[in-house]
1. If I build a Gaussian network model for the chain, linking alpha-carbon pairs within less than 10 angstrom, which residue out of 265, 282, 381 has the largest mean-square fluctuation?
2. Output the 0 to 90 degree angle, nearest 10, between the alpha-carbon long axis of helix 106-122 and the longest principal axis computed from the alpha carbons of the chain.
3. Based on the Cβ-Cβ distance from residue 247 to residue 216, what FRET efficiency comes out when R0 is 25 Å, to the nearest 0.05?
4. Identify which of 210, 234, 295 has the largest mean-square fluctuation in a Gaussian network model of the chain, with springs joining Cα atoms closer than 10 Å.
5. Arrange the following residues from fewest to most other Cβ atoms within 10 Å of their Cβ: 225, 73, 276.
6. Taking the simple approach of a point 7 Å from Cα along Cα-to-Cβ for both residue 44 and residue 332, what is their distance in nm?
7. Could you check the spin-label model distance between residue 15 and residue 296? Points 7 Å from the Cα along Cα→Cβ, value in nm.
8. Quick check: net charge around residue 173, other residues with Cβ under 14 Å of its Cβ, Lys/Arg +1 and Asp/Glu -1?
Amino acid sequence: MSDLKTILEQAKELEPFIVDFRHDLHRYPELGFEEKRTTEKIEEEVKKLGLPYRKFDPTGLMVEIQGRPTGKRVALRADMDALPIQEATGLPYESVVPGVMHACGHDCHTAMLMGAVRLLAANRVLLNGTVRCIFQPAEEGGGGAEHIIRQGAAQDVDLFFGQHVSPLEPSGTINYCPGGAMAASAKFQIDVYGTSAHGATPEQSVDATVIGCEIVTNLQNIISRQVSPFDTCVLSVGSFHSGNAFNIISDHAVITGTCRFLNPALKTFLKDHMERISSHIAEAYGGSAAVTFDVFTDVVVNDNRVLDLVWKAAGKFLDLETHKRQFPPMNAGDDFGAYSRYAPAAYVFLGTDGCGPGHNEHFQVGDEALFIGSALHAQFAVEALNALAGNS
């Protein structure tokens, strides 16, 4: 490929490779931290290009394409893992792995970034620095971003960029939200402890079920009365388990649920208030309660300066009047937010057409826009490195 052709033209020539790579990954999906075959496929392609790379433990890798050796470093990220879902799409490249499916488009993300690796390797002369391409494991609740950050994925990176496919948006559109774009995601568990007794003698018990019910009801007051209505925040109880016999008053109840929030300060606020409500209600009935609060993903924050570089890149080959689309903040989470703690970042959604919501057995992504995703990765890297070098 020649740099006399635009990056988009080169990406279009790579389209058969990108689509075939994606279909192969879709056919053989792997769960978080089990992406051994996926990692091997990426490694095989990287070796063909003669590029330096480093594997993560246990899965995933990062590869670097160096242009000007004294320049800055930009990182592009794709997640690789699938979901524990039995596919029901009927596609010719449908998953052959029972109970495992790419139902969130991570096969597309990996294929788009692999296409970008090839584009960047063929256009090193355009790179005013170094591009790190990160193939990340275990985004789906596995803490993959944090795991590989501890292994050096974010070290010496000046800007981060990532993309997620969006089959419900028109093909080729770039969909974004400035500032806090995707909510932090937390899981909580409240263990309530009481004293068991026969159902006929409730006066001898400390009823963990009753205490738990009071806690569930009062948790909603945190959102409605203690969080500003201008702060997007959700607290949802997903399960309540107590006791195992119809005639025995339970001495242990377990409440689990999730919190989503766009204001990072709410992480400590929510935990503290849940502990206070749970412990005080339990103590009022003679019992006790313990709260576990684990944050899985940070808020995904889009830096406006990095978004400007996205538009500069996309504007090279897309009509931004029709292809740039803003959306409101989402309560869905993504561990891409972990990277923005280390350097300014941007995360956008590439419209691909398709059907079905994410995490659904009928989820489908159109292939037609995948080469645009590869081109956007590569063009962004060029524009970002130029800007970091003061050449924009």
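1. The residue with the greatest mean-square fluctuation here is 265.
2. Approximately 30 degrees, to the nearest ten.
3. Numbers: r = 23 Å, r/R0 = 0.94.
That pair, residue 247 with residue 216, gives E of 0.60.
4. 210
5. Details: 225 7, 73 19, 276 12.
If I rank by nearby Cβ atoms, fewest first, I get 225, 276, 73.
6. Taking the two extended label points, one gets 3.0 nm.
7. Here the answer is 3.6 nm between the modelled labels.
8. Working: positive: 324, 325; negative: 169, 319, 321, 353, 368.
Around residue 173, the surrounding residues sum to -3.
Computed from the coordinates by the stated procedures, all read-outs in this text should not be read as laboratory data. Computed from a prediction, not measured in an experiment: that's the story for all the values here. Cβ coordinates were reconstructed from backbone atoms using ideal geometry, including for glycine residues, and neighbour counts include every protein chain displayed.
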